[in-house]
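Notes follow once the structure below has been shown.
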Amino acid sequence: MRAVSAVALAMSGLLLSDIPAQAQNKDASKAVVLKGATLIDGLGGKPIADSVLVIKDGRISAAGDAKSVKVPAGAEVVDLKGKTIMPGMISNHSHIGIVKGLKASPDNYNREYILSQLRQWEAYGVTTITSLGLNAAEFYDLRADLHSGKAPGADIFGADRGIGVALGAPPVAIVPVGPSQVYRPDTPDAAREAIKEMAGRKTDLVKIWLDDFGKLLPVKVKPEVYGAAVDESHKNKLRVAFHINDLEDAQAALKAGGDIIAHGIRDKEVDGPTIDLMKKRAAWYVPTLALDDSNFIFADKPKVAADPFVNRALDPVVKTQLEDPAWQQKVHDAPGSERARKALAMNQKNLMTLYKAGINIGFGSDSGVGLRFPGVAEHRELDLMVEAGLTPLQALTIATSGAAKLLKLDDRGVLRAGKLADLVVLDADPTTDISNAHKISAVWHRGRPVAGSIATFAQR
Ligand SMILES: [Zn+2]
């Protein structure tokens, strides 16, 4: 529950006057009804026309069509005829406090900056995120405050620091984090010790990096080290998410007991044995298509950054860089961009293979690192999932109920009675055109409006 909704609104850059008085919902115990919108429930069912959604005490008390759900007497009614409502999105792979502007620094892991990022995610319709590793000690107070609604912004779950390797991943050149943000154990015993510490702090997940970034790094975590880390995690009832790039590493991660493949397989086509391994482990797969895309898209298509929906989220120094023709030319021509284009194509192909095979697909863009701007990157991910061949409704289902299921959260991601009232009001239906998901009219978090259209969003 929000203590002071006016504060939340002011901090998200939205003025109270931007929201109709009847929708401000100052008294949470009073029912508010969102009426007349097309409702996407998050479970993949056909959108419900002329819906009624009743919110009470931050939760949905009823949702359905106007024939089956009655408006309670005395409720505040918000007319949303012509609009579409969908659940707030949930990211399974993001990072907080890493990059500010163009600079990655351990100093960015501070409460004030992270809260500004969480407000941005929320304003873009992402009401829950997973900070998948590289978290400093401040994470736990933040998590408690976001869980309780004491602080405004997207709710957070996380994978504490995570397990990497000295001189290897995660590469300090890309993410210059200090020792308080990542473990680099060199023995199985040290790995077990690291897992015990993270379990003691009540981390939600464990993250392991198994990648040499195309042989750019001289080492990978040794099998006996990640094997011990997975074993110790499972002993502590923690699931393990593996950062991978290559098919071979994905297989190794699954054979070691990995529960979540946290990036798409991008070097080769996914094969039968890998699908069997994923099925056997009921593993989750988070493609993060936006990762490679972000390495070339702003150079290849300057119009993407010029779109006000994207532009609004950019730090001024980032804006200057993305609009610089010399930078665009350099990035467009860079060999890394060509590799990224190919990696994205392979990632999209593998996503479809795995989706059709019935593998659990999660949602995440690796936002918060590189040029993957909080909130914007999640929308980019949706676009790329649809470009890969999923229908908009399939992509939205993954981004809502699917992502909630990955996190074992049964209180969100779905617009049904009993769930948290985390939702996005759109001016147009995204199931007919995924870019309609950009047309945000308002975001509601735990039963209160916390943001309006992106045009009213101000970055802090
Ligand atoms: Zn990541």
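Report whether or not Thr203 is surrounded by 15 or more Cβ atoms within 10 Å (Cβ to Cβ), assigned by TED's automatic domain parsing to the domain that holds Asp141 and either over 22 Å from the mean Cα position of the chain (by Cα) or at negative phi (or both). Here the answer is yes, as Thr203 does meet what is asked.
Among the residues making up region 200-237, those that are touching a Pro at 6+ places or on another chain (Cβ under 7 Å) and among the aliphatic types (A, V, I, L, M) are Leu217, Val225, Ala228.
For the condition away from the ligand (no atom under 16 Å from the Cβ), out of contact with any Ser or Thr (no Cβ under 7 Å at 6 or more places or on another chain), farther than 25 Å from Ile244 by Cα and of a type outside the set (Phe, Trp, Tyr), Lys103 does not qualify.
Restricting Ser68, Ser91, Ser61 to residues that are within 16 Å of the ligand (Cβ to nearest atom), polar (S, T, N, Q) and either outside the structural domain of Pro316 (by TED's automatic domain parsing) or under 30 Å from Asp50 (Cα atoms) (or both) narrows the list to Ser91.
Taking the residues in region 98-114 that are out of contact with any Pro (no Cβ under 6 Å at 6 or more places or on another chain) and in contact (Cβ under 8 Å) with a residue 40 or more places away in the chain as candidates, determine which candidate is surrounded by the most Cβ atoms within 10 Å (Cβ to Cβ). Taking the candidates together, the pick is Ile98.
Looking only at region 348-397, residues that are of a type in the set (Asp, Glu), on the phi < 0 side of the Ramachandran plot and crowded, with 24+ Cβ neighbours inside 10 Å come to 2 in all. The lone criterion from (1) within 27 Å of Ala290 (Cβ to Cβ); (2) more than 16 Å from the ligand (Cβ to nearest atom); (3) modelled with pLDDT of 95 or more left unmet by Arg192 is number (1). Screening region 275-316 for residues that are assigned to a helix (DSSP H, G or I), closer than 22 Å to Asn245 by Cβ and touching a Phe, Trp or Tyr at 6+ places or on another chain (Cβ under 8 Å) and picking the one that is farthest from the ligand (Cβ to nearest atom) gives Ala299. As a summary of the residue check, Ile265 satisfies the conditions (1) away from the ligand (no atom under 16 Å from the Cβ); (2) out of contact with any Phe, Trp or Tyr (no Cβ under 7 Å at 6 or more places or on another chain); (3) in contact (Cβ under 8 Å) with a residue 40 or more places away in the chain; (4) of a type in the set (A, V, I, L, M) except for the one numbered (1). Restricting Ala241, Ala252 to residues that are within 16 Å of the ligand (Cβ to nearest atom), of a type in the set (Gly, Ala, Ser) and not in a loop (DSSP other than H, G, I, E, B) narrows the list to Ala241.
Here the condition is being within 16 Å of the ligand (Cβ to nearest atom) and surrounded by fewer than 24 Cβ atoms within 10 Å (Cβ to Cβ); of Gly168, Gly133, it holds for Gly168 alone. Summed over region 276-334, residues that are of a type in the set (Phe, Trp, Tyr) and out of contact with any Gly (no Cβ under 7 Å at 6 or more places or on another chain) total 4.
The values are calculated or read from the model by the stated rules, or taken from the named source; none is laboratory data. These numbers were taken from a predicted model, which means no experiment stands behind them. Neighbour counts are summed over all protein chains in view; Cβ atoms, including those assigned to glycine, are modelled from backbone coordinates with ideal geometry.
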